[in-house]
Each structure stands twice: as C-alpha cells, then as structure tokens.
Amino acid sequence: MSENLRKLKHNNFQDCKPYVKTSSTTSNRSIKSTLKVLGGIYKGRKLQMVSLETTRSSKAILKESLFNTLSQSIFGVNFIEFFAGSGSIGIEALSRGAYFALFFECNVSAYEVLKLNLQTICQSDESYRVILGDTFCHYLPALQGLKYPCIGYIDPPFHSRKGMQDIYENCYQMIANLDKKLFKLIVLEHISSLTIPSNIGAFNLIKSKKFGKSSLSYFE
C-alpha cells in the first residue's frame with residue numbers, strides 16, 4: 001500500500017467548481033441504441049447511449065460477470081453508480097432486484113440520455129435519483145439518508161482524457177471516504193494495466209477479474 005493511501009483522510013474535494021449546464025438538448029445523431037438489459041424484470045429492454053466521445057459503456061461480458069458475482073446480494077440494496085453514463089449498470093441492478101439506485105453524471109448529453117433510459121425502462125421514479133454534476137463534489141451529501149446495505153459501482157472516465165490524469169487517485173480518495181457501515185461492497189472498473197492497492201481506507205480488495213483491457217476489482 002502506497003504512502004499516499006496510508007495518509008488518506010476525509011476530503012470534500014474543495015477545489016470542485018460549480019457545474020455549468022451548457023446545453024439542454026441532445027442531438028438524435030449522437031444517440032445510439034446498441035445496449036440491452038441482460039437480466040431481471042426489464043430483460044431485453046433497449047438502452048439508449050451517447051457517442052463514445054462523450055461516454056463509454058461496459059462490455060456485455062463484463063456486466064454479465066459482475067451480476068453473476070453479485071448474484072442474490074443485489075436484492076434489496078441501494079445501488080450507487082458513481083459515473084453513470086447511460087446508466088446501464090444501475091438500471092441492470094434495478095432490473096435484478098435492487099431497491100433503489102443513485103446515479104451521478106456530469107455530462108449534459110449523457111445525463112439526458114440517462115434520464116430517458118430511466119423514464120422509458122423503469123416502472124417508478126421513486127426507485128431512483130439522478131444527480132447532474134461532478135461526482136467528487138456531490139457524493140458525500142447525496143449519500144446522506146441512505147441506509148445499509150449499499151453497493152457502489154465506480155467506472156471513471158479514461159485517465160488518458162484531458163484533465164483526467166488523477167482520476168484513479170481521486171477515486172481511491174473517494175472510496176476511502178465512504179462509510180464501511182453503509183457500503184457492503186465497492187466495485188471498481190478500471191484499465192487492466194492499473195496496479196490496484198490491496199487496501200483503500202477501511203475496504204479490502206477481495207477479488208479482481210480481467211476482461212481484456214478492462215478489469216473489475218471488488219472491495220469489502
């Protein structure tokens with residue numbers, strides 16, 4: 001475990017800037033319908049997704065493996081998708097029995113597609129909440145009021161994108177700030193070449209699985 005991780009303390013990411021909404025519409029040309037819900041009550045429903053320049057979706061084989069691993073533990077949990085994109089992971093969780101899902105998304109186009117997916121697929125808007133803005137700025141207040149058990153899914157933007165060089169370190173900090181009494185499991189999707197620490201805050205790495213260039217690491 002690195003010295004930086006040993007020194008992790010609660011941090012509200014005070015350098016976050018207020019989110020400015022620059023657009024209110026999403027071009028139909030930037031929306032694709034190539035994803036489907038893989039299991040549960042919404043199985044087979046099509047998911048809209050925005051262009052790869054805006055966001056990316058998790059591979060179907062990776063998503064299937066994730067929910068095979070979660071299995072019955074998904075029933076009745078609060079599921080938090082910290083970087084939602086089109087919301088395919090959180091919607092899959094709702095389809096398979098999660099009680100509630102919380103989504104964070106900072107990109108306007110992705111946010112609008114996420115809302116569209118939820119409104120057209122899910123049965124009740126009482127089973128989810130969507131937050132527009134920087135995850136690192138909003139996650140602590142947004143989690144207040146939630147009860148155990150929660151499962152967190154963290155799939156940050158590619159670290160090679162402009163301004164994202166520290167994205168994984170920021171994710172480690174966020175994980176360290178999460179309440180172990182609230183979260184039964186944290187799942188981090190990351191590039192396979194990344195060296196994952198065995199401990200982050202109170203959470204311990206229990207499993208990693210590789211899917212080509214992407215991997216899933218599980219912490220509890």
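Is one or more of the residues making up the stretch 178-191 in contact (Cβ under 8 Å) with a residue 40 or more places away in the chain, over 15 Å from Lys63 (Cα atoms) and more than 16 Å from the chain's Cα centre (by Cα)?
no
From (1) part of a strand (DSSP E or B); (2) polar (S, T, N, Q); (3) open to solvent by 10 Å² or more (accessible area, probe 1.4 Å), pick out the condition that doesn't hold for Ser217.
Unmet condition: (3).
Quick one: count up the residues across the stretch 68-96 that are over 24 Å from Cys171 (Cα atoms), of a type in the set (S, T, N, Q) and open to solvent by 20 Å² or more (accessible area, probe 1.4 Å).
Summing the residues that are over 24 Å from Cys171 (Cα atoms), of a type in the set (S, T, N, Q) and open to solvent by 20 Å² or more (accessible area, probe 1.4 Å) in the stretch 68-96 gives 3.
Consider the stretch 100-128. How many of its residues are in contact with a helix residue (DSSP H, G or I) (Cβ under 8 Å, 6 or more places away or on another chain) and in contact (Cβ under 8 Å) with a residue 12 or more places away in the chain?
14
This table checks each residue for (1) touching a Leu at 6+ places or on another chain (Cβ under 7 Å); (2) within 13 Å of Ile80 (Cα to Cα).
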{"site": "Ala142", "(1), (2)": "yes, yes"}
{"site": "Ile151", "(1), (2)": "yes, yes"}
{"site": "Pro157", "(1), (2)": "no, no"}
{"site": "Gln165", "(1), (2)": "no, no"}
{"site": "Glu169", "(1), (2)": "no, no"}
{"site": "Ile191", "(1), (2)": "no, no"}
{"site": "Thr195", "(1), (2)": "no, no"}
{"site": "Ala202", "(1), (2)": "no, no"}
{"site": "Lys209", "(1), (2)": "yes, no"}
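Exactly one condition in (1) at pLDDT 95 or above; (2) open to solvent by less than 50 Å² (accessible area, probe 1.4 Å); (3) under 25 Å from Lys184 (Cα atoms); (4) touching a strand residue (DSSP E or B) at 6+ places or on another chain (Cβ under 8 Å) is not met by Tyr99; state its number.
Among (1) at pLDDT 95 or above; (2) open to solvent by less than 50 Å² (accessible area, probe 1.4 Å); (3) under 25 Å from Lys184 (Cα atoms); (4) touching a strand residue (DSSP E or B) at 6+ places or on another chain (Cβ under 8 Å), Tyr99 violates only (2).
Report the residue count in the stretch 163-213 for those that are under 21 Å from His138 (Cβ atoms), of a type outside the set (A, V, I, L, M) and surrounded by 18 or more Cβ atoms within 10 Å (Cβ to Cβ).
Count: 9.
Please go through the stretch 111-129 and pick out each residue that is touching a Gly at 6+ places or on another chain (Cβ under 8 Å) and under 19 Å from Gly152 (Cβ atoms).
Selection gives Leu114, Leu118, Tyr128.
Restricting the search to the stretch 102-131, which residues are open to solvent by 10 Å² or more (accessible area, probe 1.4 Å), under 18 Å from Met174 (Cβ atoms) and among the aliphatic types (A, V, I, L, M)?
Selection gives Ile131 alone.
Within the stretch 64-79, is even one residue modelled with pLDDT under 95 and under 14 Å from the mean Cα position of the chain (by Cα)?
No - not one qualifying residue is present in the stretch 64-79.
The values are calculated or read from the model by the stated rules, or taken from the named source; none is laboratory data. On a predicted model such as this, the values are computed, not experimentally measured, just so you know. Positions of Cβ are backbone-derived with ideal geometry, glycine not excepted, and every protein chain shown enters the neighbour counts. Ligands, DNA and RNA are excluded from the accessible area calculation, which covers all protein heavy atoms including side chains. Shrake-Rupley method; radii C 1.70, N 1.55, O 1.52, S 1.80 Å.
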